[in-house]
Amino acid sequence: MADSSWPRVDAIAYGGDYNPEQWPREVWLEDVALMREAGVNLVSVGIFSWAMLEPREGEYDFAWLDDIISLLHDNGISVDLGTPSVSPPAWFFHTYPEARVTDARGTVMGFGSRGMASHAAPEYREAVARMAGALAERYGDHPAVVLWHIHNEYGVPVAEDFGPRAVASWQRWLKERYVDLDGLNAAWGTAFWGQRYGEWEHVVAPAATPTIANPAMKLDWARFTDDQLRECFLIEKDAIREHASQPVTTNFMAHQSWNVDLWKWAELVDVVSDDHYLWSPDPDAHVLLSLAADLTRSVAGGKPWMLMEHSTSAVNWQGRNIAKRPGEMRRNSLAHLGRGADAIMFFQWRASRSGAEKFHSAMLPHAGTDSRLWREVVELGDDLKKVASVKGSLVEADVAVLYDWESMWAHELEWRPSDDLQFRERIRAHYERLWRDNVTVDFAHPSHDLSRYKLVVAPSSYLMTAESAANLTRYVEGGGVLLVDAFAAAVDEHDAVHPGGFMAPLKDALGVTCDEYLPLREGGSAAVVMDDGTELRFTAWAEDLKLSGAEVVATYAGGPADGAPAITRNARGEGHAWYLSAMLSTEALASVYERVYADAWVEPAGLPEGVEVVTRRGDEEDFVVVLNHGDHEVRLPMAGTDMLTGGVPVSEVTVAGGGAAVVRVPLTGQGGEA
Ligand code: GAL
C-alpha cells in the first residue's frame, strides 16, 4: 500500500472526473482509448455513485466499479476514488427522513438534486462511515487506486442545517466551548436586547428572526457549522484509514469556500486539492484564478497541490456561460501549474447527455473528437509531458496577503457601517494590484510567523484578535513592512469592539487609531492627496483618524473627512506600518504601493500589460511560466530553454497573443538543455 502524501503518479497528473455509470459499457472502451490518446493518467471515479454502489440499504454492488477500475488500470490510468457522501440515494432519505437538511426558514430540503444530508444526523454519519469503509476494504490494496477523494466540495450547495438534531449538536458544541452560560452570555453580549440565557436548551439556532440575530451568535454558528463538516470528513477519513493508506484529499474551492476555513481543513488532508471555475462576467477572470491558486498553495503550506477540477470551456451554472477562447484553457492550466499545481484535472471527462450539467463543457465534448476542444485537450496532455520536470518545484514569495475566514464570516454579517466595503472585494483589489505589478504573493493567517516576508498586506481584517495584532506588531518591530487597509481590527473574536476603540490593538504598530467610520453615500467619491501632490480618487469609505505617532502620507480632499489624515506611515522598531483609511481601487492603489514597495525593498517587474510571469524553483533551475493574456505578441529577455517548443535554447522568449511559454532557466543563470 502507498503511504506517501502525493498520489503515485509519475508525471504531472492529467485527467478529470469520470462518471462511467452514465454510459453503457461499450463507451467505456472508447473512453479509455481516448484517455490514452489525450495523455490522461488520473481520473476521479465514484463521487456521485452511491445509488449504484448500494442500490438498497446494506446491499452493495461493486462489480461495475471493479470492472472499470481494472479497465483503467490495464490502460495505465490511475484512479482517484471518490466516496459518494455528497449524494445519498433516494432510499436513504425515504428511510431516514430526519436526515434531511432544514434551512433557516424551516423548509426541509427534498431529494432529486444533490448536496449533503444533515451533518448532525447519526444515520448519515453511520452510513457514510460504512460506505467509505467498504470502499477502502475493497480497494485499499488496489494498485490503480492512488488517492481517496472524500465527499465533494464541503459546504456547497448546503452547509448549514437548522433542524432539531443540528440544534442539539449546537448546544453541545457551545457547552464545550463556554463550559457555563455565564461564559456564553459574556461572549455574546446578551445583555443587549435582553437576550440573556438561563438554560442551555433555550439557546436556539440563529435561524429566521424578526430583525438581525446576535452577530456573536452567528459567528459562532459559522464556526460550529465548519466544525461539523470537518467532523463528517474525519468520520470518512478514519473509516478509510482502517483499511487503506493511500493519501486522502477533499476538493476545496479556495476563495469561493464561504463556509469552510481552509487553514483548518488543510491540516487534515494528505494532499490539498482545489476546484476553480472562471467567473464569466469578469473580463479579467484570470486574476481571480491566480488568486485562488496562490491561496490554495498557501493553505497547502507551499507544497505542490492538485487542481482537481476546472473546465475546458463554458460552465453551465452562470447567467451567461461564456466559452473559453482558443488557447484560454491552456493558459488557465499553466497558470495553475505556475502557481504550484502538479495536477491539472477537469470536471469532467465526457460531457453528460442527461441531467443538470449537460451544457457544461468536458474534455470530450458532445461534438466528439473532431472538435477544437478535443484537439486542445490532446495538445494540453502533450504540453504537460514536456514540462514534467516542473513537478515538485516550489513557488517563492516575498510578500504575504492576510486571509482569515473568521474575519470574513464576521465582516459579512448584517448592519456594518457600509455595504460597499466587502471582504472579498478588498482582497481582490489588493491582490490585483500586486498581480498587475507582477509581485508573487503567498496568503497567510494573521497569527502565522510572518518574519520571512518583506511585506505583509492586510486588506480586510475587520476581526482581529489581540494575539494576532501582537503578532503583526512583532513582525513590524522585527523589520517588516505592514500595509493595513480600512476597517481594520474593529472587533475581537466575539465580534465585540476592542476595548479602547477601533484599531486599539494595532495602535502601537500603526501609530494611529480610528475615532469614527465615515462611509460615503451610494455612488459618492472624493479624493486623497499624497504628500507629493498625487491625487487619488476613492469611493465608499473614509475614516476619522486619530494620530498617535504616525506621519501623514496623504490627506483627504473633499468628502466627510476633508482635510484630515487619510494614509499614514509609522516607524516602529526596525520596520514600518502603513494605514490606508480610504477605499482605493486597484488603479489608485498603484501610487501607494510604489511607496510601500520602496520601504519593503520589493521590486515589481515591469511587464507589458496583460502578461503574467510566475516562477517555480527546482533544485537546479527555475521554471518560468509566461502567460500572455493580451492579443499581441510579446518578447521578454530570458536565457534558458523553451520547454513547450521542444527545449530550444533562447535568450529571449516570444509569446504570441493568447499564448504561453515555460522556460527552464538554470540557477547558474546560463541557458542549457531542457
Ligand atoms: C463543481 C462540482 C462538480 C460540477 C462542477 C460544474 O463545483 O464539484 O461536480 O458540478 O462544479 O462546474
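The values are calculated or read from the model by the stated rules, or taken from the named source; none is laboratory data. Since this is a predicted model, take the numbers as computed values, not measurements. Cβ placement follows ideal geometry from the backbone for every residue including glycine, while neighbour counts extend to all protein chains displayed. Protein only, heavy atoms only, side chains kept; ligands, DNA and RNA dropped before computing areas. Shrake-Rupley method; radii C 1.70, N 1.55, O 1.52, S 1.80 Å.
Of the conditions (1) on the phi > 0 side of the Ramachandran plot; (2) touching a residue at least 60 places away in the same chain (Cβ under 8 Å); (3) away from the ligand (no atom under 16 Å from the Cβ), residue 153 clears all except one; give me its number.
It is condition (3) that residue 153 fails.
Among the aliphatic types (A, V, I, L, M), open to solvent by 10 Å² or more (accessible area, probe 1.4 Å) and in contact (Cβ under 8 Å) with a residue 40 or more places away in the chain: is that true of residue 300 in this structure?
Details: among the aliphatic types (A, V, I, L, M): yes; open to solvent by 10 Å² or more (accessible area, probe 1.4 Å): yes; in contact (Cβ under 8 Å) with a residue 40 or more places away in the chain: yes.
For residue 300, the condition - among the aliphatic types (A, V, I, L, M), open to solvent by 10 Å² or more (accessible area, probe 1.4 Å) and in contact (Cβ under 8 Å) with a residue 40 or more places away in the chain - is met.
Any idea how many residues of the stretch 363-382 are in a helix (DSSP H, G or I) and open to solvent by less than 10 Å² (accessible area, probe 1.4 Å)? Step through it out loud before you land on a result.
Taking the stretch 363-382 and keeping what is in a helix (DSSP H, G or I), we get 372-382.
After this cut, where a residue has to be open to solvent by less than 10 Å² (accessible area, probe 1.4 Å) as well, the list is 374, 377, 380-381.
Total satisfying the criteria: 4.
If we scan the stretch 515-525, do we find a residue that is in a strand (DSSP E or B) and among the small types (Gly, Ala, Ser)?
Step one: filter the stretch 515-525 for residues in a strand (DSSP E or B), giving 515-517, 525.
In the following step, the residues that additionally are among the small types (Gly, Ala, Ser) were identified as 525.
Scanning the stretch 515-525 turns up at least one residue that is in a strand (DSSP E or B) and among the small types (Gly, Ala, Ser).
Quick one: would you say residue 138 is open to solvent by 70 Å² or more (accessible area, probe 1.4 Å), in contact with a Phe, Trp or Tyr (Cβ under 9 Å, 6 or more places away or on another chain), within 16 Å of the ligand (Cβ to nearest atom) and over 30 Å from residue 212 (Cβ atoms)? Before you say what the answer is, go through the steps one by one.
Numbers: open to solvent by 70 Å² or more (accessible area, probe 1.4 Å): yes; in contact with a Phe, Trp or Tyr (Cβ under 9 Å, 6 or more places away or on another chain): yes; within 16 Å of the ligand (Cβ to nearest atom): no; over 30 Å from residue 212 (Cβ atoms): yes.
Here the answer is no, as residue 138 does not meet what is asked.
Can you tell me which residue within the stretch 363-379, out of those that are within 16 Å of the ligand (Cβ to nearest atom) and of a type in the set (A, V, I, L, M, F, W, C), is farthest from residue 22 (Cα to Cα)? Please lay out each step first, then the result.
Kept after step one, since they are within 16 Å of the ligand (Cβ to nearest atom), are these residues of the stretch 363-379: 363-366, 373.
Subsequent filtering for residues that are of a type in the set (A, V, I, L, M, F, W, C) retains 363-364, 373.
On the way: 363: 16, 364: 14, 373: 21 Å.
Ranking the qualifying residues of the stretch 363-379, first place goes to 373.
Only strands (runs of 3 or more DSSP E) wholly contained in the stretch 582-647 count here; list those with 2 or more residues that are among the charged types (D, E, K, R), buried (at least 18 other Cβ atoms within 10 Å of the Cβ) and touching a residue at least 12 places away in the same chain (Cβ under 8 Å).
Working: elements: 611-617, 621-628, 634-642.
Passing ranges, in order: 611-617, 621-628.
Would the stretch 242-250 turn up any residue that is part of a helix (DSSP H, G or I), away from the ligand (no atom under 16 Å from the Cβ) and out of contact with any Leu (no Cβ under 6 Å at 6 or more places or on another chain)? Spell out how you get there, then give the answer.
Of the residues in the stretch 242-250, the ones part of a helix (DSSP H, G or I) are none.
Scanning the stretch 242-250, I find no residue that is part of a helix (DSSP H, G or I), away from the ligand (no atom under 16 Å from the Cβ) and out of contact with any Leu (no Cβ under 6 Å at 6 or more places or on another chain), so the answer is no.
Out of everything in the stretch 397-413 that is open to solvent by 10 Å² or more (accessible area, probe 1.4 Å) and part of a loop (DSSP other than H, G, I, E, B), what residue ends up being farthest from residue 433 (Cα to Cα)?
In this case the residue turns out to be 413.
Return the residue satisfying two criteria in turn: it lies in the stretch 349-362 and is surrounded by 16 or more Cβ atoms within 10 Å (Cβ to Cβ) and among the aliphatic types (A, V, I, L, M), and of such residues it is farthest from residue 42 (Cα to Cα).
Out of the qualifying residues, it is 351.
Does residue 137 satisfy the condition of being under 30 Å from residue 14 (Cα atoms), in a helix (DSSP H, G or I) and charged (D, E, K, R)?
Working: under 30 Å from residue 14 (Cα atoms): yes; in a helix (DSSP H, G or I): yes; charged (D, E, K, R): yes.
It is true that residue 137 is under 30 Å from residue 14 (Cα atoms), in a helix (DSSP H, G or I) and charged (D, E, K, R).
Are any of the residues in the stretch 28-37 under 30 Å from the mean Cα position of the chain (by Cα) and open to solvent by less than 60 Å² (accessible area, probe 1.4 Å)? Please lay out each step first, then the result.
Initially, the stretch 28-37 is screened for residues under 30 Å from the mean Cα position of the chain (by Cα), giving 35.
The next check asks that each one be open to solvent by less than 60 Å² (accessible area, probe 1.4 Å); those that pass are 35.
Among the residues of the stretch 28-37, at least one is under 30 Å from the mean Cα position of the chain (by Cα) and open to solvent by less than 60 Å² (accessible area, probe 1.4 Å), which makes the answer yes.
Any residue at all in the stretch 290-303 that is of a type in the set (Lys, Arg) and over 20 Å from residue 361 (Cα atoms)? Don't jump to the end; show me each part of the working.
Of the residues in the stretch 290-303, the ones of a type in the set (Lys, Arg) are 297, 303.
Going one step further and asking which of them are over 20 Å from residue 361 (Cα atoms), we end up with 297, 303.
Yes, that holds for at least one residue.
Kindly indicate whether residue 200 is away from the ligand (no atom under 16 Å from the Cβ) and open to solvent by less than 30 Å² (accessible area, probe 1.4 Å).
Against the criterion (away from the ligand (no atom under 16 Å from the Cβ) and open to solvent by less than 30 Å² (accessible area, probe 1.4 Å)), residue 200 does not qualify.
Restricting attention to the stretch 102-135, which residues are touching a Ser or Thr at 6+ places or on another chain (Cβ under 6 Å) and either without any contact (Cβ under 8 Å) to a residue 12 or more places away in the chain or open to solvent by 10 Å² or more (accessible area, probe 1.4 Å) (or both)?
Within the stretch 102-135, 108, 114, 120 qualify.
With the condition kept exactly as written, say whether any residue in the stretch 385-394 is within 16 Å of the ligand (Cβ to nearest atom) and crowded, with 20+ Cβ neighbours inside 10 Å. Spell out the reasoning first.
Quick first cut of the stretch 385-394, residues within 16 Å of the ligand (Cβ to nearest atom) only: none.
Scanning the stretch 385-394, I find no residue that is within 16 Å of the ligand (Cβ to nearest atom) and crowded, with 20+ Cβ neighbours inside 10 Å, so the answer is no.
Just to check your reading of the model, which residue among 573, 658, 646 is assigned by TED's automatic domain parsing to the domain that holds residue 514 and either at pLDDT below 95 or at positive phi (or both)? Reasoning before the result, please.
Values: 658 fails: assigned by TED's automatic domain parsing to the domain that holds residue 514; 646 fails: assigned by TED's automatic domain parsing to the domain that holds residue 514.
Within the list 573, 658, 646, the selection yields 573.
Can you pull out every residue in the stretch 494-544 that is in contact (Cβ under 8 Å) with a residue 60 or more places away in the chain and acidic (Asp, Glu)?
Passing the criteria: 495, 508, 522.
Of the conditions (1) surrounded by 24 or more Cβ atoms within 10 Å (Cβ to Cβ); (2) out of contact with any helix residue (DSSP H, G or I) (no Cβ under 7 Å at 6 or more places or on another chain); (3) in a loop (DSSP other than H, G, I, E, B), residue 501 fails just one. Which one is it?
(1)
When you scan the stretch 255-362 for helices (runs of 4 or more DSSP H) that lie fully inside it, which ones turn up with 1 or more residues that are among the acidic types (Asp, Glu) and either modelled with pLDDT under 95 or more than 12 Å from the ligand (Cβ to nearest atom) (or both)?
Working: elements: 262-266, 285-299, 328-338.
The helices (runs of 4 or more DSSP H) meeting that bar are 285-299, 328-338.
Quick check, is residue 164 within 16 Å of the ligand (Cβ to nearest atom) and surrounded by fewer than 16 Cβ atoms within 10 Å (Cβ to Cβ)? So that I can check it myself, show each step before the final result.
Numbers: within 16 Å of the ligand (Cβ to nearest atom): no; surrounded by fewer than 16 Cβ atoms within 10 Å (Cβ to Cβ): yes.
So residue 164 does not fit the description; no.
So, residue 470, is that one without any contact (Cβ under 8 Å) to a residue 40 or more places away in the chain and not β-branched (Val, Ile, Thr) or not?
On the way: without any contact (Cβ under 8 Å) to a residue 40 or more places away in the chain: yes; not β-branched (Val, Ile, Thr): yes.
Answer is yes for this residue.
Only residues that are in contact with a Leu (Cβ under 9 Å, 6 or more places away or on another chain) and more than 16 Å from the ligand (Cβ to nearest atom): list them for the stretch 7-24, please.
7, 8, 9, 11, 12, 13, 14, listed by residue number.
Being over 18 Å from residue 337 (Cα atoms) and touching a Ser or Thr at 6+ places or on another chain (Cβ under 8 Å) is the filter here, so list the residues in the stretch 616-646 that pass it. Show your work before the answer.
Kept after step one, since they are over 18 Å from residue 337 (Cα atoms), are these residues of the stretch 616-646: 620, 630-640, 646.
Hits for the stretch 616-646 are 633, 634, 635, 637, 638, 639.
If you take the residues in the stretch 242-284 that are without any contact (Cβ under 8 Å) to a residue 60 or more places away in the chain and within 23 Å of residue 139 (Cβ to Cβ), which one is surrounded by the most Cβ atoms within 10 Å (Cβ to Cβ)?
The extreme case among them is 272.
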